[in-house]
Each structure stands twice: as C-alpha cells, then as structure tokens.
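Below: the structure, in structure tokens.
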Amino acid sequence: MVVLTEPDTDHLPIINNSCKSPSFFNDIPVIDLSKPDSKNLIVKACEEFGFFKVVNHDVPMEFISKLESEAIKFFSSPLSEKLKAGPADPFGYGNKQIGQSGDIGWVEYILLSTNCEFNYQKFASVLGVNPESIRAAVNDYVSAVKKMSCEILEKLAEGLKIHPTNVFSKLLKDEKSDSVFRLNHYPQCPDIQEFNVKNLIGFGEHTDPQIISVLRSNNTSGLQILLKNGNWFSVPPDQNSFFINVGDSLQVMTNGRFKSVKHRVLTNTLKSRLSMIYFGGPPLSEKIAPLPSLMEGEESSLYKEFTWFEYKKSAFKSRLAENRLTLFEKFGAS
Ligand SMILES: C=C1C[C@]23C[C@@]1(O)CC[C@H]2[C@@]12CC[C@H](O)[C@@](C)(C(=O)O1)[C@H]2[C@@H]3C(=O)O
Ligand SMILES: O=C(O)CCC(=O)C(=O)O
Ligand SMILES: [Fe+2]
C-alpha cells in the first residue's frame with residue numbers, strides 16, 4: 001500500500017515549475033445569505049463561474065470547531081493507526097490514492113456516506129474515544145451544512161423562477177439522498193523545497209459529480225478554480241465562510257446553463273491544509289435531466305436520459321481529470 005511518508009517526487013504529480021504561479025482570484029462572487037437579493041446573485045455566480053463564497057450563514061461555529069479538532073486529532077495519529085480505518089473503498093481512510101482508477105495526490109482523507117450506517121468504531125478506536133462522540137460531531141456539522149445547502153438551492157430555484165422552489169433541495173432532503181462527506185488533510189511538505197519544486201498536486205483537477213459541493217477549509221491556501229478564459233486562479237482561503245461548487249448533476253438539470261467548475265488543490269509547502277466538503281447528491285434512482293421549466297422554446301436536452309445510479313457508476317470508474325459528462329451528452333464525441 002502507498003503511504004504518505006517522504007515526498008517521492010518521481011511518483012507524485014507535479015505542476016510544471018516554470019509556469020507562473022496562478023494569481024489570487026479576488027473577484028469571487030460573495031453571497032450574503034441574509035440579503036434579499038442573494039437569489040439573483042447566486043444565479044449570476046452559477047452562470048459565470050459555477051463557484052461562489054457564502055457569508056452570513058447559520059452554520060454554528062462550535063460545530064465547525066468541534067469537527068475540525070476531531071479531524072486534527074485523527075490526522076495527527078500514527079500512520080499505522082490511521083490505516084486501520086482504511087482502505088477507502090470508496091469509504092474509509094485513504095492515503096495518497098484518490099478513487100479506484102490510479103489517481104494520486106499529496107493528501108490523506110476520510111470519505112463517508114451520509115445516509116449509510118457508517119463504521120465510526122474504526123475512527124473512534126484510532127482516537128481512543130467513544131464512537132458516539134465522533135458520530136455526533138459529523139452529524140451536527142453535516143446536518144447544518146445540508147440545511148444551508150437546501151437554503152441556497154431554494155434561493156437558486158427562486159432566482160431561476162422555478163416552481164416549486166424545492167425542485168433541487170428536495171433531492172438532498174430525501175432520506176435516500178446519496179450524499180457524501182469528506183475530510184481532506186494536505187500535510188505541509190517543507191522537504192519538497194529541496195527539490196526546487198513548489199507546486200505539488202494535493203488533489204488533481206476535476207469536477208464534482210453531485211448537485212452541489214460545500215467546502216470549508218482552514219486558513220491555508222491551495223484551492224484553485226479554472227475560469228472560462230482557461231486560466232487557473234487561487235482561491236484566497238477564508239475559514240469563516242463556505243465555498244460552493246456547481247456539480248455535474250446541476251449542470252445537467254440546468255441543461256448546461258450552469259457549468260460544473262473544474263478545480264484542484266496544490267499543496268502549500270509550509271502549512272497544512274484541512275478541508276471538509278459536503279457533496280449533496282440525489283437518491284440513486286433519481287432521473288437526472290434538464291428541468292422542463294428551464295427549457296426555452298424549442299430547446300432540447302443536451303443529455304441522454306440517465307439516473308444518478310448510472311452516472312455515479314460510470315463516474316467512479318473514471319480518472320479524476322476526465323470529463324465524465326461526455327459519455328452522457330447527446331451531441332458529444334461518444
Ligand atoms: C478518481 C475518482 C475519485 C472520485 C471518484 C473518481 O473515480 C472520479 C470522481 C472523484 C470524486 C470527486 C469529488 C468527490 O471528492 C468524490 C468523493 C466524488 O464523488 O467524485 C471523488 C471520488 C472519490 O474520491 O472516490
Ligand atoms: O480539499 C479541498 O480543498 C478540495 C477537494 C475536492 O475538490 C474534493 O474532495 O472533491
Ligand atoms: Fe472536488
């Protein structure tokens with residue numbers, strides 16, 4: 001098994017060092033959820049970038065801090081202990097290997113499903129604590145972030161003038177919603193500087209397959225998004241806010257009006273990064289198709305009919321950087 005020990009620059013994906021470091025993207029749309037005009041700003045941000053930052057949210061800081069401190073304790077444990085909570089197949093503790101198709105990055109993580117009974121015992125024994133305390137920390141955080149995601153999706157529907165406004169949020173609220181939660185830890189990597197390598201890939205470029213992704217990180221940079229002009233931009237970290245990504249399924253439901261945003265994480269060689277991401281997905285049996293109320297005039301669907309189960313099955317066999325929607329496009333290459 002590959003473990004996260006010394007950086008091995010022969011095997012880790014590295015960004016060409018001769019490239020200029022991407023600049024910070026200071027024009028990220030900032031959505032204040034307490035403001036009445038936020039619904040229109042959310043639509044604009046999804047159309048322009050598929051990405052935005054949320055402030056004035058109702059997620060209690062104590063839920064964030066509690067989970068963050070449990071995650072720090074977990075990732076600071078000896079590797080031999082952490083490996084007992086793995087391998088990620090896809091759920092569990094993963095180290096360097098991302099997914100099942102050969103992708104690697106300078107990252108260790110915990111991936112779990114929000115609706116399946118999860119084996120918290122595995123994590124709790126690493127921390128030497130009661131599994132119930134970990135379960136509670138994850139559940140409190142995920143429930144609050146899911147509530148905020150539903151609020152955002154309802155505002156989005158309002159902004160798009162879709163009725164009823166719960167078309168998207170009901171998919172996350174469904175008890176069979178196939179949502180995922182992930183804790184990513186990108187250890188600091190000072191040794192790498194000896195190799196004159198500044199940019200090591202933590203999590204390679206990709207889009208998220210679900211409807212919406214909600215990310216919170218500590219104050220370490222690393223996240224980058226690809227803009228329509230083909231340039232990568234670094235997202236200034238903000239531990240008090242959330243960053244929202246449009247996922248592939250929302251792209252399909254809006255018939256391409258919103259694009260799922262390509263993003264990646266480069267490691268910060270001096271500081272470790274810790275991120276928590278909630279991926280809101282529909283039930284497995286849900287048909288993913290453009291909403292009829294969004295189709296204008298003679299507009300026809302850009303996508304073949306498929307269920308989330310079919311998409312997920314195909315997505316989880318793909319490489320990280322692949323365009324997973326191509327297979328499902330009506331007029332695509334396939
Ligand atoms: C290489 C892969 C990892 C991934 C499954 C996949 O085959 C392609 C999509 C990847 C992704 C990206 C967003 C989320 O982090 C994730 C959990 C997901 O739903 O799709 C991961 C998958 C993973 O890490 O298993
Ligand atoms: O860890 C991060 O900051 C982002 C990771 C990510 O994009 C993912 O897990 O899908
Ligand atoms: Fe992602």
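Quick notes on this one:
Here is a yes/no grid of residues against (1) among the aromatic types (Phe, Trp, Tyr); (2) closer than 23 Å to SER143 by Cα; (3) at pLDDT 95 or above:
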site: ASP8; (1), (2), (3): no, no, no
site: SER23; (1), (2), (3): no, no, no
site: ASP32; (1), (2), (3): no, yes, yes
site: LYS44; (1), (2), (3): no, no, yes
site: ASN56; (1), (2), (3): no, yes, yes
site: GLU70; (1), (2), (3): no, yes, no
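Rundown of residues vs (1) more than 23 Å from VAL252 (Cα to Cα); (2) modelled with pLDDT under 95; (3) within 16 Å of ligand 2 (Cβ to nearest atom), yes/no style:
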site	(1), (2), (3)
LYS122	yes, yes, no
GLY128	yes, yes, no
CYS150	no, no, no
LYS155	no, no, no
SER179	no, no, yes
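- Flag for PHE316 being within 16 Å of ligand 3 (Cβ to nearest atom), open to solvent by 60 Å² or more (accessible area, probe 1.4 Å) and within 22 Å of the chain's Cα centre (by Cα): yes
- Condition check for GLY204: modelled with pLDDT of 95 or more and within 16 Å of VAL43 (Cβ to Cβ): no
- Within segment 266-281, the residues that satisfy the criterion of being within 11 Å of the chain's Cα centre (by Cα) and either within 11 Å of ligand 3 (Cβ to nearest atom) or over 21 Å from SER221 (Cα atoms) (or both) are SER275, ILE277, PHE279, GLY280.
- Criterion (out of contact with any helix residue (DSSP H, G or I) (no Cβ under 6 Å at 6 or more places or on another chain) and either in contact (Cβ under 8 Å) with a residue 60 or more places away in the chain or surrounded by 14 or more Cβ atoms within 10 Å (Cβ to Cβ) (or both)) met by exactly one of ASP58, ASP89: ASP58
- Per the conditions (1) at pLDDT 95 or above; (2) away from ligand 3 (no atom under 16 Å from the Cβ); (3) polar (S, T, N, Q), the sole criterion not satisfied by ASN231 is (1).
- All positions within segment 92-117 that are open to solvent by less than 50 Å² (accessible area, probe 1.4 Å) and of a type in the set (S, T, N, Q): ASN95, SER101, SER113
- Residues within segment 278-300 that are of a type in the set (A, V, I, L, M, F, W, C) and open to solvent by less than 10 Å² (accessible area, probe 1.4 Å), tallied: 1
- A single member of ASN199, ASN218 is within 21 Å of VAL30 (Cβ to Cβ) and away from ligand 1 (no atom under 16 Å from the Cβ), and it is ASN218.
- Test: residue in segment 212-226 that is farther than 24 Å from ALA321 by Cβ, within 16 Å of ligand 2 (Cβ to nearest atom) and open to solvent by less than 10 Å² (accessible area, probe 1.4 Å): yes
- All conditions but one from (1) part of a helix (DSSP H, G or I); (2) open to solvent by 10 Å² or more (accessible area, probe 1.4 Å); (3) more than 30 Å from LYS155 (Cα to Cα) apply to PRO22; the one that does not is (1).
The values are calculated or read from the model by the stated rules, or taken from the named source; none is laboratory data. As the structure is a computational prediction, the values presented were derived from the model and not from experiment. Neighbour counts run over all protein chains shown; Cβ positions are idealised from the backbone, glycine included. Please note that ligands, DNA and RNA were not included when accessible areas were found on the heavy atoms of the full protein model with its side chains. Shrake-Rupley method; radii C 1.70, N 1.55, O 1.52, S 1.80 Å.
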